[in-house]
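Down below is the structure, laid out as structure tokens.
Taken together, the values in this text are just the output of simple stated rules run on the coordinates, not laboratory data. It should be emphasised that the depicted structure is a prediction, and the values quoted were computed from it without experimental measurement. Neighbour counts run over all protein chains shown; Cβ positions are idealised from the backbone, glycine included.
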Amino acid sequence: MSDKPRKFKGGVHPNDSKALSASKPIQQAPLLESYKVIMHQNIGAPPELVVKKGDTVKKGTLLAKASGFVSVPLHAPTSGTIKSIDKCPGPTGISVPAIEIAADGEDAWESPFEPIADWMNADPAGLRQRICDAGIVGMGGAGFPTHVKLSPPEDKTIDTLILNGAECEPYLTADHRLMLEHAEEVVLGAAISARILGLKSAVIGIEENKPDAIEKLESVAGKYNITVQSLPVNYPQGAERQLIYAITGREVPIGKLPMDVGCVVQNIATVIAIAEAVVKGLPSIERVATVTGKPVVNPGNWRLRIGTPVAKVLELAGGISEQPAKLLLGGPMMGIAQSSLDVTVMKNTSGVLLIAADEVSLYTSEPCIRCGRCVDCCPMQILPATISQAVENKRFDWAEKLNVMACIECGSCSYVCPSHRPLNQHFKRAKVEIQAGLRKKS
Ligand code: SF4
Ligand code: SF4
């Protein structure tokens, strides 16, 4: 293990509730009768459909091809027939196009590409193209195309690759289980990513509340000159800027990217997907997600195919023992509340979380009492209370001047606010309004 990491400013310590699922090994979900694969699963351009209703497909068949550099393809999660190409509930509550596949029960493979066994001597550009062809996006939540992250412009010198094993969101344990059960794939994916970036090493940052994962990865990391760095438990330790600071001491200025300080950060599940795409020739058609919360009968970690309806996910976990107050995709701090059980698992769905009625915090329109707690905890060192008031007054120009665009939507300020003000919601709204204003001007 390397030297003591730096502690970033701000942060909070919510009850992590990880004990519900942390000890539960990853289980493979059984084959379902049908899947609905949401078309647009990446930041950037949506892919272009290449199948039509009535087509037969195999597991791995291309459903939609990338439509630009910042775009990724989609592949079939099982073999069967395209039953419909229609709208289904999307994760933001808006209906979105989705491809429904009626499974034929065979689960027959059509691997769209050959394994690259000798990846150590392969051309980095070819490895990067494979990651694009496999449809890999950041699986920690953002959904940013991974091949783009691994394509820094020539004028940016990258000297540090960081693997994000912090998993600081309460309740989520999928990355923890992946590090324990697939440690070799984690270091393999890291080594492939390092080769693409022209680096000879990488560092894996893991919060110190996962000592078993630290020990496991330390036992295999040396093979590819990878080091493991334990990190203090402090939410949002897994946010890119905070992780980079903790490990390297470099601060990413507001408005800049990790690559501007020589860093690339990859999520644990994402590097496993990289290893599988390169060494086994597998496209991104499934992911491990935590299914948890007090109302869930059997919380655990499941390997789910992309397109699995959330209603089926909850059935796998034994159903519910009490009526939940809230359903979230992701964790309680940054997850997105859902209004339908028909929403389906996407490549960036890290968790399905049910919150019980006695756990939910209701927002109010109480005034700010100027306690300053939100300012103290903000890891981006912006002024949540002042920005929130600007948004309430519809002064999005003020909010922009106060750097609302730097907000990483970690939810820490909402968590500590004694007036239960909807701070994070205000910032999301301000960003939408500011971006809409910019589009009008252009
Ligand atoms: S203002 Fe944004 S970055 Fe700061 S604590 Fe609130 S949600 Fe997090
Ligand atoms: S935490 Fe809430 S009440 Fe306190 S200053 Fe921030 S917005 Fe105001």
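I'd like the FRET efficiency for residue 120 and residue 438, computed as 1/(1 + (r/R0)^6) with the beta carbon distance as r and R0 of 41 Å, rounded to 0.05.
0.40
Given labels modelled 7 Å from the Cα in the Cβ direction, how far is it in nm from residue 323 to residue 43?
3.9
Counting other beta carbons within 10 Å of each residue's own, what order do 420, 147 fall into, fewest first?
420, 147
May I ask you to compute the full-extension gain from residue 225 to residue 157, defined as 0.36 nm times their residue separation minus their alpha-carbon distance, rounded to one decimal in nm?
22.5 nm
Considering the options 288, 437, 264, tell which one lies farthest towards the positive end of the dipole of the chain, charges being +1 on Lys and Arg and -1 on Asp and Glu at the Cβ, about the Cα centre.
Of the options given, the answer is 437.
What is the chain's relative contact order, in percent, from Cα pairs under 8 angstrom and six or more apart in sequence?
Computed value for the chain: 19 percent relative contact order.
Under 8 Å for C-alpha pairs, at least 6 residues apart: give me the relative contact order for region 114-280, rounded to a whole percent.
Normalised by residue count, the contact order of region 114-280 is 35 percent.
At R0 = 25 Å, how high is the FRET efficiency between residue 110 and residue 86 if r is their beta carbon distance? Nearest 0.05 is fine.
Once the sixth-power term is evaluated, E becomes 0.55.
Could you check the spin-label model distance between residue 28 and residue 67? Points 7 Å from the Cα along Cα→Cβ, value in nm.
According to this spin-label approximation, the distance is 3.5 nm.
Please identify every one of the trypsin sites (Lys or Arg not before Pro) in region 142-177 that sits in a loop by DSSP and has no more than 16 other beta carbons within 10 Å of its own beta carbon.
156
Once all Cα-Cα distances of the chain are split into 10 Å bins that start at 0, what whole-number percent is in each one?
4, 21, 31, 29, 13, 2, 0
Starting at the first residue of region 37-43, write each ³J(HN,Hα) from the Karplus equation 6.51 cos²θ - 1.76 cosθ + 1.60 with θ = phi - 60°, in whole Hz, x for Gly and Pro.
Taking θ as phi minus 60°, the curve returns 8, 5, 5, 9, 10, 10, 5 Hz for region 37-43.
In percent, what relative contact order does region 373-441 have, based on Cα pairs under 8 Å that are 6 or more apart in sequence?
Rounded, it is 35 percent for region 373-441.
With +1 on each Lys and Arg Cβ and -1 on each Asp and Glu Cβ, how big is the dipole of the chain about its Cα centre, in debye rounded to the nearest 20?
Its charge dipole is roughly 1140 debye.
To the nearest 0.05, what FRET efficiency results for residue 251 and residue 420 with a Förster distance of 45 Å applied to their C-beta separation?
0.90
Suppose we keep just the DSSP beta bridges with both residues in the chain; what percent of those would be antiparallel, to 5?
Beta bridges within the chain, antiparallel portion: roughly 65 percent.
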